[in-house]
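S.K.: Got a structure for you, questions after.
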Amino acid sequence: MRKTWINLIVATVAVAAVLYAVAGPAASAETQRMYVGVAKCKTCHKTDAQGAQFPLWEKSSHAKAFANLAGEKAKAIAKEKGIEDPQKADACLKCHVTGHGVDAKFLGEGFLASDGVQCEACHGAGGDYNKMATMKSLAKGEIEPASVGLVLPDAKTCTKCHNDGSPTFKGFEFEKMAPKIAHAIPAERKAQYKTK
């Protein structure tokens, strides 16, 4: 009887090892989602009825973050830091380009680094929430934002880049800065979705 149990345990371990070798480790709690790019967000978030988030972003410094790296000021700072081209340096791109550093397989067809700091920098990679049906379910409260990767930004979201690691950092007060980029969905639009 004891030999049977030992054989069963050995067989179970062997099967588990084979399954692990084939499937690999279980996915982590923070699975990387696909970045879809601001053009996808623009589809719905451009009208006044929706809150005109895209036009607000388009006029912002965030939209120009990558382009600014080609300017004289950025080049001078880069030279001081021993960086040849700020538009190619990880030290600069990590905060001037959304999704910089993720595996290219997670950058969708419409994703452009030249869009700078776009929607997904603050709201998370949109591959699992950018569909209309998902957004409606989110608005109705049927699903939790985090379950599809939608981030509701806070001060910690901003200070990932707005910190003393930046050579142009002059301090950051979330309460003062957040209203400058605020782009909420209008209350009357939200009311259309409320069912709970």
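Computed from the coordinates by the stated procedures, all read-outs in this text should not be read as laboratory data. These numbers come from a predicted model, not from an experiment. Glycine also receives a Cβ, built like all others from the backbone with ideal geometry; neighbour counts cover every protein chain displayed.
S.K.: 7 Å from Cα along Cα→Cβ at both E58 and T157: what's the point-to-point distance in nm?
M.R.: With each label placed 7 Å out from Cα toward Cβ, I get 2.2 nm.
S.K.: How large is the charge dipole for segment 50-97, taken about the Cα centre, if only the Cβ atoms of Lys, Arg (+1) and Asp, Glu (-1) carry charge, to the nearest 20 debye?
M.R.: Working: 8 positive and 6 negative charges, 16 e Å.
In total the dipole reaches around 80 debye.
S.K.: Ok, one more. Which FRET efficiency value, to the nearest 0.05, is calculated for E175 and A113 with the Förster distance at 30 angstrom and r the Cβ-Cβ distance?
M.R.: Computed FRET efficiency for E175 and A113: 0.45.
S.K.: Hey, can you grab everything whose amide H is under 5 Å from the amide H of L107? Only 5+ residues off in sequence or another chain; H modelled, so Pro and N-termini drop out.
M.R.: Result for L107 returns Y35.
S.K.: Can you work out the base-10 log of I(q)/I(0) for segment 64-107 at q = 0.30, 0.33 1/Å, using the Debye formula on its C-alpha atoms alone?
M.R.: At q = 0.30, 0.33 Å⁻¹ the computed log10 ratios are -1.04, -1.17.
S.K.: So what is the relative contact order of segment 118-169, in percent, for Cα pairs below 8 Å that sit 6 or more residues apart?
M.R.: Across segment 118-169, relative contact order equals 39 percent.
S.K.: What is the percent of Cα-Cα separations in segment 49-135 that go past 16 Å?
M.R.: Summing the P(r) tail past 16 Å for segment 49-135 gives 58 percent.
S.K.: A follow-up question, please. Can you grab the distance from the C-alpha centre of segment 136-156 to the C-alpha centre of segment 68-105, Å, no decimals?
M.R.: Taking the Cα centre of segment 68-105 as reference, the centre of segment 136-156 is 30 Å away.
S.K.: Moving on to the next point. I need the calculated FRET efficiency for the pair A67 and A91, taking r as the beta carbon distance and R₀ as 22 Å, to the nearest 0.05.
M.R.: Using R0 = 22 Å, I get an efficiency of 0.80.
S.K.: Using mean Cβ contacts within 10 Å as the protection proxy, how do 140-147, 84-91 order, highest first?
M.R.: The packing order, highest mean first, is 84-91, 140-147.
S.K.: Here's something else I'd like to know. Based on alpha-carbon positions alone, could you give the equivalent ellipsoid semi-axes of segment 33-193 from the gyration tensor, as √(5λ), descending, whole Å?
M.R.: One finds semi-axes of 30, 17, 14 Å for segment 33-193.
S.K.: For segment 33-193, build the charge dipole from Cβ charges (+1 Lys, Arg; -1 Asp, Glu) around the Cα centre, then report which of C41, A52, H96 sits farthest towards its positive end.
M.R.: About the Cα centre, the residue reaching furthest to the positive side is A52.
S.K.: Evaluate the charge dipole of segment 33-193 about its Cα centre and quote only its size in Debye, nearest 20, assuming +1 on the Cβ of each Lys and Arg and -1 on the Cβ of each Asp and Glu.
M.R.: Here the size comes out at about 220 debye.
S.K.: Over segment 43-196, what is the mean sequence separation of C-alpha contacts under 8 Å (at least six apart), divided by residue count, expressed as relative contact order in percent?
M.R.: Relative contact order, segment 43-196: 24 percent.
S.K.: Across segment 38-43, in residue order, what do the Karplus-derived ³J(HN,Hα) couplings come to in whole Hz, using 6.51 cos²θ - 1.76 cosθ + 1.60 with θ = phi - 60° and x for Gly and Pro?
M.R.: Coupling constants for segment 38-43: 4, 4, 5, 5, 4, 3 Hz.
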